[in-house]
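**Q** Quick one: the structure is below, and I'll ask about it shortly.
The values are calculated or read from the model by the stated rules, or taken from the named source; none is laboratory data. Source: prediction; values computed, not measured. Positions of Cβ are generated from backbone atoms using ideal geometry, with glycine treated the same way; all protein chains shown enter the neighbour counts. Just so you know, the surface numbers come from the protein's heavy atoms only, side chains and all, with ligands and any DNA or RNA stripped out. Shrake-Rupley method; radii C 1.70, N 1.55, O 1.52, S 1.80 Å.
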Amino acid sequence: MAEEVTPPAAAPAADAAAPAAPGAAEKRIKRKGKKNILNGVVHIQSTFNNTIITITDVSGNVISWSSAGARGFKGSRKSTPFAAQVAAGDAAAKAMEHGLKNVTVLVKGPGAGRESALRALAAAGLKISLIRDVTPIPHNGCRQPKRRRV
């Protein structure tokens, strides 16, 4: 009268191979590929302490970026024109891997790296069609603090 019971074929193996988190099996890693973008916008933000170069497509999606601090400059060397030139060359090289050729440049800020970053972009092989200064200028500024009474 002994009945033979057969366990389901894949039950023990499925438990051992089950992912720790639910939904982890469906998660796929997206590979970064070439975007093939011809026209772009270069945003140069040059402050007294650093120079940040961001390269976007025409709709504003970031293609590449670099800064003087990201290229290894520290302290007062970040604010030099040479650091801005190195950062701009690095950002341009990354963007040209995606096929970027023509750019318009928007420069913001009073820093020392404005002109040298522009020269580095041109030297990297990007064709600059427009240079515009978009530094915010206060028309009347903030409200001044109350006068000090002594």
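**Q** Count charges around residue 70 for me, please; just the other residues with Cβ under 12 Å from its Cβ, Lys/Arg as +1, Asp/Glu as -1.
**A** Numbers: positive: 71, 74, 78, 94; negative: 90.
Its environment carries a net charge of +3.
**Q** Express the carbon and sulfur contribution to the solvent-accessible surface of region 59-107 as a percent, rounded to the nearest whole number, probe 1.4 angstrom.
**A** So the carbon and sulfur contribution to the accessible surface is 54 percent.
**Q** Considering only protein heavy atoms, with the full assembly of protein chains and a 1.4 angstrom probe, order 82, 48, 73 by accessible area, largest first.
**A** Largest accessible area first, the list is 48, 82, 73.
**Q** Here is a further query. Roughly what % of DSSP beta bridges within region 54-150 run antiparallel, to the nearest 5?
**A** The antiparallel fraction comes to roughly 35 percent.
**Q** Using θ = phi - 60° and the Karplus relation 6.51 cos²θ - 1.76 cosθ + 1.60, list the HN-Hα couplings for region 38-46 in order, rounded to whole Hz, with x at every Gly or Pro.
**A** 8, 10, x, 10, 9, 9, 10, 10, 10
**Q** Please report the equivalent ellipsoid semi-axes of region 32-150, computed as sqrt(5 x eigenvalue) of the Cα gyration tensor, largest first, in whole Å.
**A** Value: 31, 17, 12 Å, ordered largest first.
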